[in-house]
Amino acid sequence: LYLLVFVQVHGQGGVKFQNWAKTYGSSPELYFQPISVEEIREILDMARQRGKRVKVVGGGHSPSDIACTDDFMIQMGKMNRVLKVDKEKQQVTVEGGIFLSDLNVELSKHGLALANLGAVSEVTAAGVIGTGTHNTGISHGILPTQVVALTLLTASGEILECSKSINVDIFQAARLHLGCLGIVLTVTFQCVPQFHLHEVAFPSTLTEVLNHLDDHLKRSQYFRFLWFPHSENVSVIYQDSTNKPPSSSASWLWDYAVGYYLLEFLLWISTFVPSLVCWINRFFFWLLFRSRVENVAVSYKIFNYECRFKQHVQDWAIPIEKTKEALLELKAALENNPKMVAHYPVEVRFARGDEIWLSPCFQRDSCYMNIIMYRPYGKNVPRLNYWLTYEGIMKKHGGRPHWAKAHSCTRKDFEKMYPAFPKFCSVREKLDPTGIFLNTYLEKVFY
């Protein structure tokens, strides 16, 4: 007796997709929000019949076109349940569409937490691992290193269980999958007992931080620093586990009225007078970062901070021992080219090496150097010169770009950067022989 399950799926036409920063967008022919695996299989069948490609999107936070398509788009937001909490192993299994902001709250009810998180939590579990999201802390890897198992729905409709013991090769590829291997249905994260963090931010100089980098890395579990281009100014940020009660020294007036509204206005004026940027960077350091600031809160509230501005960003990982040389080169390039302006901050973070095939930290401890250009009131600021200078310095030092962020690399670059790139390609071609999960961004990567 065969039961034919026929699920009627409805795609929406006329949906305009835009990423969070409104820097990239597309108009998918049909937009789906499935609630079951059967529905996803139907969508894949329909795509095959019509010769369409399929792109899965999570929170849409990637500052690039990695999630864009004009064919079929699947938004996984309705497949967002916590499936299992294993208190003994301290592991949680979730559907791929769950937002980390919801997962953080759920985990805290069970006395658990993720050991590390990126700055934004309005992102999905499958999405953060797919792009290699990271935070900072030299004893911590990028977010995909916290994944101990996942299930993948392939182009053919087969479901694969993957972990360190089953489908091992696919597991090492799928922990950073770029959305091109299949659809991640579930993810199992290794958690830790819930903890509070004590954050201390204090002023320093670029010379001091670079000359004592090892000391800073040893002194704080989650250490990062913000450099204010066109100056020596640095804000050092330490975050460490604590038993202190929650407290905050944040103030709405400074954070919003000054840190957001005034800054946006001044940056807008600087689009007419670019030389103002140097002064804006120094003025805001003096205004907001010259004194010591401390906060204590549950871990995820400290890890997350608001990205208030629409912005263009680049973020490359270089071998950690190249940190000083690369930053000083960027500083010199800005000094030698007065017409090239750089908004604050250049955010410098660190991550442990790993064995994930397409991880920017593959087999090496790394320094991530994130540059930014804001878009005041949505206005684009000329950035090409700065962008190309930065990319040149990163490439020279063996850098690898963050997959979610805009970069100009192609397959030739990736073959040089990633020893395991051919292995990843052969897994991708085996799982998706017709390229149903490709888009323009991925074609540049693989062709």
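Checked against the criterion of being at pLDDT 95 or above and over 19 Å from residue 339 (Cα atoms), segment 369-385 contains one or more residues that satisfy it. When the criteria are applied in full, residue 32 meets the requirement of being farther than 24 Å from residue 403 by Cα, aromatic (Phe, Trp, Tyr) and at pLDDT 90 or above.
Hey, can you tell me all the residues within segment 390-424 that are of a type in the set (Asp, Glu) and in a loop (DSSP other than H, G, I, E, B)?
The answer is none; no residue qualifies.
Cβ-Cβ contacts under 6 Å between residues 6 or more apart (or on different chains), taken from a first residue in segment 359-387 that is outside the structural domain of residue 129 (by TED's automatic domain parsing) to a second residue that is acidic (Asp, Glu), are listed as 361/354; 368/315; 370/315; 370/347; 376/264.
So that you can scan it fast, the table gives a plain yes or no per residue for (1) more than 13 Å from the chain's Cα centre (by Cα); (2) modelled with pLDDT under 95; (3) surrounded by fewer than 24 Cβ atoms within 10 Å (Cβ to Cβ); (4) not aromatic (Phe, Trp, Tyr):
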| position | (1), (2), (3), (4) |
| --- | --- |
| 48 | yes, yes, yes, yes |
| 52 | yes, yes, yes, yes |
| 72 | yes, yes, yes, no |
| 86 | yes, no, yes, yes |
| 101 | yes, yes, yes, yes |
| 122 | no, yes, yes, yes |
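Scanning segment 403-428 for residues that are surrounded by 13 or more Cβ atoms within 10 Å (Cβ to Cβ), at pLDDT below 95 and among the small types (Gly, Ala, Ser) yields a total of 2. At least 1 residues being touching a residue at least 24 places away in the same chain (Cβ under 8 Å) and touching a Pro at 6+ places or on another chain (Cβ under 9 Å) is the threshold, and among the helices (runs of 4 or more DSSP H) wholly inside segment 37-135 those reaching it are 37-50, 125-131. So is residue 127 within 12 Å of the chain's Cα centre (by Cα) and closer than 24 Å to residue 355 by Cβ or not? Against the criterion (within 12 Å of the chain's Cα centre (by Cα) and closer than 24 Å to residue 355 by Cβ), residue 127 qualifies. Residues that are hydroxyl-bearing (Ser, Thr, Tyr) and either assigned to a strand (DSSP E or B) or over 22 Å from residue 54 (Cβ atoms) (or both) occur at least once in segment 136-143. For the condition over 28 Å from residue 261 (Cα atoms) and surrounded by fewer than 22 Cβ atoms within 10 Å (Cβ to Cβ), residue 336 qualifies. Just one of the listed residues (438, 358, 384) is surrounded by fewer than 19 Cβ atoms within 10 Å (Cβ to Cβ) and among the aliphatic types (A, V, I, L, M), and it is 384. Restricting attention to segment 1-29 and to residues that are among the hydrophobic types (A, V, I, L, M, F, W, C) and touching a Gly at 6+ places or on another chain (Cβ under 9 Å), the residue that is modelled with the lowest pLDDT turns out to be 20. Among the residues of segment 389-402, not one is surrounded by 20 or more Cβ atoms within 10 Å (Cβ to Cβ) and in contact with a Lys or Arg (Cβ under 8 Å, 6 or more places away or on another chain).
Of the numbered criteria (1) closer than 15 Å to residue 32 by Cα; (2) at pLDDT below 80, the one residue 63 fails is (1).
Quick check on segment 311-324: of everything there that is surrounded by fewer than 19 Cβ atoms within 10 Å (Cβ to Cβ) and over 22 Å from residue 418 (Cα atoms), which residue is nearest to the chain's Cα centre (by Cα)?
Filtering segment 311-324 for residues surrounded by fewer than 19 Cβ atoms within 10 Å (Cβ to Cβ) gives 311, 319, 321, 324.
The next check asks that each one be over 22 Å from residue 418 (Cα atoms); those that pass are 311, 324.
Working: 311: 14, 324: 23 Å.
Checked segment 311-324; the qualifying residue nearest to the chain's Cα centre (by Cα) is 311.
Of the numbered criteria (1) over 14 Å from residue 317 (Cα atoms); (2) in contact with a Cys (Cβ under 8 Å, 6 or more places away or on another chain), the one residue 384 fails is (2).
The values are calculated or read from the model by the stated rules, or taken from the named source; none is laboratory data. Source: prediction; values computed, not measured. Quick reminder, even Gly has a Cβ in these numbers, built from the backbone with ideal geometry, and neighbours come from all protein chains shown.
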